[in-house]
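Enquirer: Dropping the structure in here first, questions after.
The values are calculated or read from the model by the stated rules, or taken from the named source; none is laboratory data. Because the structure is a prediction, the values reported are computed rather than measured. Because the Cβ atoms are built from the backbone with ideal geometry, glycine has one as well, and the counts that use them run over all protein chains shown. Please note that ligands, DNA and RNA were not included when accessible areas were found on the heavy atoms of the full protein model with its side chains. Shrake-Rupley method; radii C 1.70, N 1.55, O 1.52, S 1.80 Å.
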Amino acid sequence: VRTRYRPDRWDARAWLVTASGATVAALLFLAAARDPAALHPGVIPLTAPTLPLWPAAAVLVGLLPAFVTPAPDPVSTKEPS
């Protein structure tokens, strides 16, 4: 039996996952351009780094796929005949 590869069509969830990744990349690039010292803390003297609020919120956008994507289909144990 021959099979053909048929890729899944992109639905709204796939576009949301892609957009969340692009948004995180763009916002962190912007954060690095505006305040590079905030994302590269010094180590001498050793101090706790401060993380500005909006870059931290940008990283949280990356959690969107965890809530948007569907659960994977269970693996069937039946072997093809």
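Enquirer: What's the total number of residues in segment 1-28 that are assigned to a helix (DSSP H, G or I) and closer than 12 Å to T69 by Cβ?
Expert: 8
Enquirer: How do the pairs read when you match residues in segment 21-49 that are free of Cβ contacts under 8 Å to residues at least 12 places away in the same chain with residues anywhere that are open to solvent by 80 Å² or more (accessible area, probe 1.4 Å), using Cβ under 8 Å and keeping only pairs 6 or more apart or on different chains?
Expert: P41/T47; P41/P49; P41/T50
Enquirer: Scan (1) open to solvent by 70 Å² or more (accessible area, probe 1.4 Å); (2) assigned to a loop (DSSP other than H, G, I, E, B) for the single condition A66 breaks and write down its number.
Expert: Condition (2) is where A66 drops out.
Enquirer: Quick check, is W54 over 12 Å from the mean Cα position of the chain (by Cα), touching a residue at least 24 places away in the same chain (Cβ under 8 Å) and open to solvent by 90 Å² or more (accessible area, probe 1.4 Å)? Can you show your working first?
Expert: Values: over 12 Å from the mean Cα position of the chain (by Cα): yes; touching a residue at least 24 places away in the same chain (Cβ under 8 Å): yes; open to solvent by 90 Å² or more (accessible area, probe 1.4 Å): yes.
Yes; evaluated as a whole, the condition is true for this residue.
Enquirer: Is there a residue in segment 29-50 that is assigned to a helix (DSSP H, G or I), under 22 Å from L16 (Cα atoms) and open to solvent by 60 Å² or more (accessible area, probe 1.4 Å)?
Expert: Checked against the condition, which is being assigned to a helix (DSSP H, G or I), under 22 Å from L16 (Cα atoms) and open to solvent by 60 Å² or more (accessible area, probe 1.4 Å), segment 29-50 yields at least one hit.
Enquirer: In segment 51-63, what residues are at pLDDT 85 or above and part of a loop (DSSP other than H, G, I, E, B)?
Expert: Hits for segment 51-63 are G62, L63.
Enquirer: For segment 2-42, enumerate the residues that are touching a Ser or Thr at 6+ places or on another chain (Cβ under 9 Å) and of a type in the set (A, V, I, L, M, F, W, C).
Expert: Here is the first cut: in segment 2-42, the residues touching a Ser or Thr at 6+ places or on another chain (Cβ under 9 Å) are 10, 13-14, 16-17, 38, 41.
Selection gives W10, A14, L16, V17, A38.
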